[in-house]
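To keep things clear, I will list the structure first and then write my remarks on it.
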Ligand code: FAD
Ligand code: UDP
């Protein structure tokens, strides 16, 4: 088949572009992925011994307040009523997250009204007036005792950098609630795909105008497939330009999966470990993401998560965004703007942490603002990455 568009990467960004271009614009789309499965980092599969659905690249929870994304996602899957909640173990005791009135009462060992808790935290937070780094920012939000319990050790393990040396922005999104509400996300819609992520992603790719080639690295085949056809590239931005400006920094995760001989290991999907001397940051127990399923009652699957800097060849997970990364990124964006016929998108192609709903929203706007005008109205294809 001759193609009208080549999409590099079969993650949520690439598949949304491919699906819209095939179904709505009537294009023939070739999707390439160097992995042996579709779905990018949202890919999930049954663990062979137990049949429990595991997320190979880390637990993925879907949530969005974007009505267009919610409507679009529901064309391919329905969602369970799952609501995410996280707990944290610190010095042998368990607390609820994100920090809420329950956490505060439990930690300080007494019942407090919302006003009393607010007054206590305000007094403790007053020691910092002009926060310049993550530690100071966190103390200004929650006071030193809660910071030292729940944030310092966890953050040091996650970033392998002292919180004093990390930018304040990382913690800005940390919610503190003076109610007993311990839902992790504030979005209007939340849930997990009823038959799993892979079934959802496969339905997106299931269109006669889409051909998916797995196990295929774009850079090995670009001369054969690209030619004069526009390319939507969702691989790593620095790799595209052969690291000409240096490498962009990422954190990677190591996952250690284990089948345990019990029907329930920890009683909840995610347990964070705040102590610095516990080497992992958290443990996921996948059966709890789908309490509605008939999973075995004598076995369970857990995954310990460890965090470290990514070397070349590791899976890049979270952009680090040091000052040097940001200046390299500007240089790469400038190069991307000059790259005719290529649009850069997705998490790796823009060097931005994107949740799934953000990747889908961003792909839908790329179709609206760049691909449709080009293919339907005959306008010149404007390069330069995704709309910010
Ligand atoms: P990806 O999913 O990374 O897909 C990019 C694809 O491009 C990959 O399959 C890759 O193999 C392919 N590729 C790269 N280079 C090439 C090449 N040269 N040739 C061919 N193929 C190539 N989001 C949420 O909403 N909720 C969560 O709970 C959540 N948890 C997460 C946990 C972790 C640990 C991580 C890392 C991410 C999490 N996310 C979560 C974010 C989610 O994974 C992303 O939003 C989503 O994967 C973005 O999709 P993408 O298509 O941009 O990128
Ligand atoms: N964080 C923490 N303790 C926790 C959970 C989160 O200190 O128990 C901090 C940590 O610095 C982390 C940030 O809050 O990088 C964001 O946490 P979130 O769980 O949203 O991050 P993700 O798991 O998506 O990286």
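The values are calculated or read from the model by the stated rules, or taken from the named source; none is laboratory data. Computed from a predicted model, the values in this text were never measured in an experiment. Cβ: placed from backbone, ideal geometry, glycine included. Neighbour counts: every protein chain shown.
Looking only at residues in region 291-321 that are under 19 Å from the mean Cα position of the chain (by Cα) and in a loop (DSSP other than H, G, I, E, B), the one that is farthest from ligand 2 (Cβ to nearest atom) is 314. Would you check which residues across region 159-194 are more than 15 Å from residue 61 (Cβ to Cβ), in contact with a helix residue (DSSP H, G or I) (Cβ under 8 Å, 6 or more places away or on another chain) and assigned to a loop (DSSP other than H, G, I, E, B) and list them? Those that are more than 15 Å from residue 61 (Cβ to Cβ), in contact with a helix residue (DSSP H, G or I) (Cβ under 8 Å, 6 or more places away or on another chain) and assigned to a loop (DSSP other than H, G, I, E, B): 162, 166, 167, 168, 174, 176, 177, 178, 179, 180.
Starting from residues that are in contact (Cβ under 8 Å) with a residue 40 or more places away in the chain and not in a strand (DSSP E or B), keep the ones in region 222-233 and report whichever is surrounded by the most Cβ atoms within 10 Å (Cβ to Cβ).
First pass over region 222-233, keeping only residues in contact (Cβ under 8 Å) with a residue 40 or more places away in the chain: 225-226, 228-233.
Okay, now just the ones that are also not in a strand (DSSP E or B), so 225-226, 228-230.
Details: 225: 17, 226: 18, 228: 5, 229: 15, 230: 22.
Taking the candidates together, the pick is 230.
Within 12 Å of ligand 1 (Cβ to nearest atom) and outside any loop (DSSP other than H, G, I, E, B): which single residue out of 17, 54, 94 fits that description?
On the way: 54 fails: within 12 Å of ligand 1 (Cβ to nearest atom); 94 fails: within 12 Å of ligand 1 (Cβ to nearest atom).
Exactly one residue qualifies, and that residue is 17.
Restricting attention to region 348-381, report how many residues are assigned to a loop (DSSP other than H, G, I, E, B) and out of contact with any strand residue (DSSP E or B) (no Cβ under 7 Å at 6 or more places or on another chain).
Start the filter on region 348-381 by keeping residues that are assigned to a loop (DSSP other than H, G, I, E, B), which leaves 351-355, 376-381.
Keeping just the survivors that are out of contact with any strand residue (DSSP E or B) (no Cβ under 7 Å at 6 or more places or on another chain) gives 354-355, 376-381.
Residues flagged as assigned to a loop (DSSP other than H, G, I, E, B) and out of contact with any strand residue (DSSP E or B) (no Cβ under 7 Å at 6 or more places or on another chain) within region 348-381 amount to 8.
Please specify each residue of region 131-162 satisfying the condition of being more than 24 Å from residue 252 (Cα to Cα) and without any contact (Cβ under 8 Å) to a residue 12 or more places away in the chain. Selection gives 148 alone. In this structure, is residue 101 at pLDDT 95 or above and either surrounded by fewer than 17 Cβ atoms within 10 Å (Cβ to Cβ) or out of contact with any helix residue (DSSP H, G or I) (no Cβ under 7 Å at 6 or more places or on another chain) (or both)? The answer is no for residue 101.
This table checks each residue for (1) outside any strand (DSSP E or B); (2) surrounded by 12 or more Cβ atoms within 10 Å (Cβ to Cβ).
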| residue | (1), (2) |
| --- | --- |
| 220 | yes, no |
| 235 | yes, yes |
| 238 | yes, yes |
| 244 | yes, no |
| 248 | yes, yes |
| 253 | no, yes |
| 264 | yes, yes |
| 267 | yes, no |
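Residue 30 falls short on exactly one of the conditions (1) in a loop (DSSP other than H, G, I, E, B); (2) crowded, with 18+ Cβ neighbours inside 10 Å, and that condition is (1). Of the residues making up region 72-85, one or more are within 14 Å of ligand 2 (Cβ to nearest atom) and either in contact with a strand residue (DSSP E or B) (Cβ under 6 Å, 6 or more places away or on another chain) or under 25 Å from residue 272 (Cβ atoms) (or both).
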